[in-house]
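So the structure is just underneath, and the comments pick up after that.
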């Protein structure tokens, strides 16, 4: 299906009003027509952890959020994007429960990855472990399997518990192929238009490698799953945090990719008052991307930004974010840290808070995002210019909760009165409606690295952004009704109420 070149919203099913029906009502009441690009509904499935990313089943929606009928109802007004956790499934899933009970007699036994598939004695060699890009201290957990409760080590890339609540699946298994095909049938039957392949870079495990985006096997997998999705009439979006060359190889094969580089470079330019690295990047990046500034995890740094930062500057930026209440996720594998020990994987905090709640700087960041080629996504906390939620971090012990506040309808109505939120909504409407964004893109010459000019043109229609990184302001001049019009950060901060 052709994707719409319009702004999308990213939200949890319970973060804007409490459930999926309330989300639809809030959007209709408070943000009518604002997201014709669609809704990325973060995992609404029954889950054993990781805020939905440890799915138990895709056959139903968690009753706390609603039903598949509610998802279909939302899909009558918006294209729906859902996640498929392609690398793993919950240890509470019916497939793993049966395997745990019956062992090798289970029809799902081959779905999982006991370490004996890699090391005959099931004991991982240290030289192999040292090469793996780790997301937890070790990439496996021990479970009691079968009628004899045999202690078995299984591959578990992710998870906070021990044993992990997220058990990896074997992409080469016929059981895996059957299961994924069934998931896509479920999505198709309920009107889902786009599926994000969460953690797809970890699907292929191969000794002697990092077990991350292993080529050529990963492209064999992508060809298979791309065909499976296409047969269901669904577009896929691979989610890969990796060096740009890996992203560009995906783009070169025709896949949509995420622009995980943009959030850091925009923040860096606004902090430093200089956009040299950002402009260089815009001159080379593929256009077929989803853009974002914030999300449910954090602002990517390593490995996404490798080659785009120097040690002193990235450390200074990270320290400044920490001063503004942010926290970090870190690289686990010593081999994948920088030579000087720098190990920040993601910077966690709301984008608005990291910009010190500077309304003009925040709208400037969004204006840049909307002018960069691709499909823009706005995270719900960012839509509401949300601030760091320290209480949620304290309550859960999870640093990611700093940017996952659940807003009631009353909170949304209060924040909607803020000039910065009203200004952002006007920017979104401009990005959705101006025909120039379906035309040609250029980065224009500017007087220095403290300024950047971007222009879109389509026939008689045009729009030009001038961003000033020293003053953290912007000005947009654009065609309108046979003439021209102007909007800027100051005018957008004049409240409409």
How would you classify region 410-454 from its alpha-carbon gyration tensor, with a ≥ b ≥ c the square roots of the eigenvalues: rounded for a/c under 1.5, else prolate if a/b is greater than b/c, otherwise oblate? oblate
Which of 186, 246 comes first, and how do the rest follow, when ranked by fewest Cβ neighbours within 10 Å? 186, 246
Label-to-label distance, nm, for residues given as residue 231 and residue 248 (7 Å Cα→Cβ offset): 3.5 nm
Dividing the mean separation of Cα pairs under 8 Å (6+ apart) by the residue count of the chain yields a relative contact order in percent of 14 percent
Contour minus end-to-end for residue 207 and residue 342, with contour as 0.36 nm per residue of separation and end-to-end as the Cα-Cα distance? 46.0 nm
Let me know the whole percent of all Cα-Cα pairs from region 120-172 that are separated by more than 19 Å. 31 percent
With each label point set 7 Å from Cα along the Cα-Cβ vector, what nm distance links residue 324 and residue 297? 2.1 nm
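Full-extension gain between residue 4 and residue 396, please, as 0.36 nm times their residue separation minus the C-alpha to C-alpha distance.
137.4 nm
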At q = 0.29, 0.30 Å⁻¹, base-10 log of I(q)/I(0) for region 290-344 (Debye sum, equal scatterers on each alpha carbon): -1.41, -1.44
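May I ask you to compute the full-extension gain from residue 408 to residue 358, defined as 0.36 nm times their residue separation minus their alpha-carbon distance, rounded to one decimal in nm?
15.6 nm
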For the chain, take the longest principal axis of its alpha carbons; what is the angle in degrees between that and the long axis of helix 419-433, to the nearest 10 within 0 to 90? 80 degrees
As a test, work out the antiparallel percent of DSSP beta bridges whose residues both lie in the chain, rounded to the nearest 5. 60 percent
Computed curve, the chain, Cα-only Debye sum without solvent term, log₁₀ I(q)/I(0) at 0.07, 0.08 Å⁻¹, is -0.37, -0.49
Exposure proxy order (Cβ contacts within 10 Å, fewest to most) of 9, 115: 115, 9
Listing 317, 416, 354 from the residue with the fewest other Cβ atoms within 10 Å to the one with the most, what is the order? 416, 317, 354
Under the helix-only model (-39500 (n - 2.57) for each DSSP H run of 4 or more, divided by the residues of the chain), the mean residue ellipticity at 222 nm, to 500 deg cm²/dmol, is -9000 deg cm²/dmol
Rounded to two decimals, what ratio of Rg to Rh does region 232-362 give with C-alpha atoms and a Kirkwood Rh? 0.97
Sites residue 287 and residue 177, calculated FRET efficiency, Cβ-Cβ separation with R0 22 Å, nearest 0.05: 0.10
What's the percent breakdown of Cα-Cα distances in region 372-437 across 10 Å bins, shortest bin first? 19, 40, 28, 11, 2
Efficiency of FRET from Cβ geometry, residue 418 and residue 310, R₀ 35 Å, rounded to 0.05: 0.45
PRE zone check, label point 7 Å out along Cα-to-Cβ of residue 64, amide N under 14 Å, scope region 40-58, hits 43-56
Normalised by the number of residues in region 94-168, what is the relative contact order in percent for Cα pairs under 8 Å and 6+ residues apart? 29 percent
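Which of rounded, prolate or oblate describes region 437-492 when judged by the alpha-carbon gyration tensor and an a/c cut-off of 1.5?
Judged from the Cα gyration tensor, region 437-492 comes out oblate (a/c at least 1.5, b/c at or above a/b).
Read-outs throughout are calculated quantities, based only on the coordinates presented, and are distinct from any laboratory measurement. All of these numbers come straight from a predicted model, not from anything done at the bench. We place every Cβ from the backbone using ideal geometry, glycine too, and count neighbours over all the protein chains shown.
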